[in-house]
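The values are calculated or read from the model by the stated rules, or taken from the named source; none is laboratory data. Since this is a predicted model, take the numbers as computed values, not measurements. Neighbour counts are summed over all protein chains in view; Cβ atoms, including those assigned to glycine, are modelled from backbone coordinates with ideal geometry.
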Amino acid sequence: MKNRKFQRKIENFTCIVCGGKVKGNGFTDHCPQCLFSKHLDENPGDRRATCGGLMEPFAAEIKSEKIIIYYQCQKCGFRHRVKAAKNDNFEAILKLASRPFILQKEKKQAD
């Protein structure tokens, strides 16, 4: 049985997409500049995923006054969503939010 408990990991990293230096706070799971992430976890913070693929942000929406960013792994197709962080690039979020969400889902499933 999988352990679904969140595991806080404080890790700094350099984004492999834009080269930005990211200072982790234990909840950081994506680059706040370009919003890309890396497929490292099966459950938040466990670092048990063996894929290691690039997690592309493909959509964003507002739910209950929080911004949610949706991701899909470019290697294995795994999808997940996270709440946007306060220091995330708002212009990048707006670009994601301006895309038709349903079309993005269909596009990713068709690939």
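When ALA49, ALA84, ALA60 are checked against the criterion of being more than 24 Å from PRO100 (Cα to Cα), out of contact with any Cys (no Cβ under 7 Å at 6 or more places or on another chain) and hydrophobic (A, V, I, L, M, F, W, C), a single residue qualifies: ALA49. Restricting the first member to the range 78-95 and to residues that are touching a residue at least 12 places away in the same chain (Cβ under 8 Å) and more than 13 Å from ILE62 (Cα to Cα), and the second to residues that are aliphatic (A, V, I, L, M) and not in a strand (DSSP E or B), the beta-carbon pairs closer than 9 Å and six or more apart or on different chains are PHE78/ALA49; ASP88/LEU35; ASN89/LEU35; ALA92/LEU35. Among the candidates LEU40, LEU35, the residue that is at pLDDT 95 or above and either assigned to a loop (DSSP other than H, G, I, E, B) or in contact with a helix residue (DSSP H, G or I) (Cβ under 7 Å, 6 or more places away or on another chain) (or both) is uniquely LEU35.
In the range 22-40, the residues that are more than 13 Å from LYS83 (Cα to Cα) form Cβ pairs under 6 Å with partners that are part of a loop (DSSP other than H, G, I, E, B) and among the polar types (S, T, N, Q), at six or more places apart or across chains, as follows: LYS23/ASN12; GLY24/ASN12; GLN33/ASN89. Restricting the range 67-89 to residues that are over 15 Å from PHE27 (Cα atoms) and touching a Pro at 6+ places or on another chain (Cβ under 8 Å), the residue that is surrounded by the most Cβ atoms within 10 Å (Cβ to Cβ) is TYR71. For the range 50-65, indicate whether the set of residues that are within 14 Å of the chain's Cα centre (by Cα) and assigned to a loop (DSSP other than H, G, I, E, B) is non-empty. Looking for residues that are within 14 Å of the chain's Cα centre (by Cα) and assigned to a loop (DSSP other than H, G, I, E, B), one finds at least one in the range 50-65, hence yes. Just one of (1) surrounded by fewer than 14 Cβ atoms within 10 Å (Cβ to Cβ); (2) out of contact with any Phe, Trp or Tyr (no Cβ under 8 Å at 6 or more places or on another chain); (3) on the phi < 0 side of the Ramachandran plot fails for SER64. It is (3).
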